[in-house]
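Here's the structure we're looking at; comments come further down.
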Amino acid sequence: MELSEDQSKALERLLAWYKDPARPPYITMGGYAGTGKTTLIAVLKNELQRLDKNLKIAFCSYTGKAAQNLKNKLKEAAALSVKDSVSTIHGLIYTPREGGDGRIAGWDRKDALERGLIIVDEASMVDGLIWADLLSYGIPVIAVGDHGQLPPISGKFNLMQAPQLLLTQIHRQAEGNPIIRVSRFARTTGLIPPERYGAGVVKYLKEDSDAQERSGELLESYSPDTLILCGYNNTRNRINQFMRAARGFETPNPASGDRVICLRNNHKKGIYNGMLGTIVNIAPAQKDWYQAEIQLDDRERLYEGLIYAPQFGARTGINFTADRRLAMTGDLFDFGYALTVHKAQGSQARRVVMFEERFAQMDDEMWRRWLYTGVTRAEEELYLFG
């Protein structure tokens, strides 16, 4: 497999790091969309296998969908052995603890991992608590992510703030990809010219005669493999109301079949900020709380628990951190048809519909990161309105 110059240099550095008996516990590698991060991971895997035939590698990612994408790409490159594992980070290091009724009562960190190396993909999403748990096993870790994206939603921890290795050269195979072309405009200039970039990749100006009609069509044809992205919470709320009305929901209250998003990490329950899912069952429980069952997109088991009723349709996120009573009682979800770009960081979808909205306090660099992060959520189709 032909590597670019910066891929070759990064491969040399990664192999030297792994072979060094006095190596630091981890190494970080950042790469823009289209620079061939996964290609390099596959080549590295095969090189490491030649060095050590018995090496067992744990590949992991923040979301289930990202882990599945990684698995598919490694299989295509013939870089996955039977003894390797591919999973979410959560599935790798935590095990469910069941209560007396057979339901999950919490999650415990596993005592040991039978692995010689951990490779984390989409590492820009990893928070400080999970990172500390990963490192606690004393297993070397390679963390790979996109250093052009927004920093993580909460806290000051950011693995991709200053990666030790960098991939910046767009790979030959990605040069003709229209989404990659749009992403380059986003991260270099912060200005995406209105035009048709390819099949299903278009930028409209809001004042275009057909823009409103086209955006309405795209919203009405929503399915779970669509991400609708915006900047402002009031835009998100308006779109969520429009989407629910279009789908036949008659009250402002969440109901079975509604798409929802998790707004707060709960490590004991294995749910994380930005996770998307669909309500299976919901009923009023006690004042301000619903009892809900939610099928999360990248979990086999249903989420079951109390969720906070006043959050649905609220203008901003309720601050559970300031009220420990709320945090101890249940979890925080909201309607999940439209998301802010910040909340969509760990997600990807076949189709992305994105409304460009810039906050007054955003400097040029933050705007470029915002735009780039939103654009690179798209796998096949991208419709921009701005």
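Here are the numbers for this structure:
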item	result
Helices (runs of 4 or more DSSP H) lying entirely in the range 1-94 (those with 1 or more residues that are exposed (fewer than 15 other Cβ atoms within 10 Å of the Cβ) and out of contact with any strand residue (DSSP E or B) (no Cβ under 6 Å at 6 or more places or on another chain))	5-19, 37-51, 64-76
Hey, C262 at pLDDT 95 or above and open to solvent by less than 70 Å² (accessible area, probe 1.4 Å) or not	no
Output for the range 334-386, where each listed residue is among the hydroxyl-bearing types (S, T, Y) and open to solvent by 10 Å² or more (accessible area, probe 1.4 Å)	T340, S347, T376, Y383
Subset of the range 346-364 (residues that are touching a Lys or Arg at 6+ places or on another chain (Cβ under 8 Å) and either part of a loop (DSSP other than H, G, I, E, B) or at pLDDT below 90 (or both))	S347, Q348
Failed condition for R301, given (1) within 24 Å of I239 (Cα to Cα); (2) part of a loop (DSSP other than H, G, I, E, B); (3) touching a strand residue (DSSP E or B) at 6+ places or on another chain (Cβ under 8 Å); (4) not hydrophobic (A, V, I, L, M, F, W, C)	(1)
Complete set of residues in the range 320-333 that are open to solvent by 60 Å² or more (accessible area, probe 1.4 Å) and either among the basic types (K, R) or within 22 Å of the chain's Cα centre (by Cα) (or both)	R324, R325
Residue, farthest from the chain's Cα centre (by Cα), within the range 238-282, restricted to residues that are outside any helix (DSSP H, G or I) and among the small types (G, A, S)	G248
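The values are calculated or read from the model by the stated rules, or taken from the named source; none is laboratory data. Here the structure is a predicted model, which means the values were calculated and not measured. Virtual Cβ from ideal backbone geometry, glycine too; neighbours counted across all protein chains shown. Accessible surface areas use protein heavy atoms only, side chains included; no ligands, DNA or RNA. Shrake-Rupley method; radii C 1.70, N 1.55, O 1.52, S 1.80 Å.
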